[in-house]
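One structure below.
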């Protein structure tokens, strides 16, 4: 939970910090494009199963 400036002050190079931040943002962008994974539990069809995950559903 540190800002980029705080990370640089801890001794990391500015180029490395900005590169890692960029890679994390790109990864998050691609992660949100993938479908949600399956749920593997003993109670697969509980109350969470009934909630839609598309069309901006809000409870």
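The values are calculated or read from the model by the stated rules, or taken from the named source; none is laboratory data. Treat the numbers as computed from the prediction; the structure is a model and nothing was measured. Note that we place each Cβ from the backbone using ideal geometry, even for glycine, and neighbour counts take in every protein chain shown.
Scanning the stretch 6-24 for residues that are part of a helix (DSSP H, G or I) and exposed (fewer than 10 other Cβ atoms within 10 Å of the Cβ) turns up just one, 15. The condition of being at pLDDT 90 or above and not in a helix (DSSP H, G or I) holds for residue 2.
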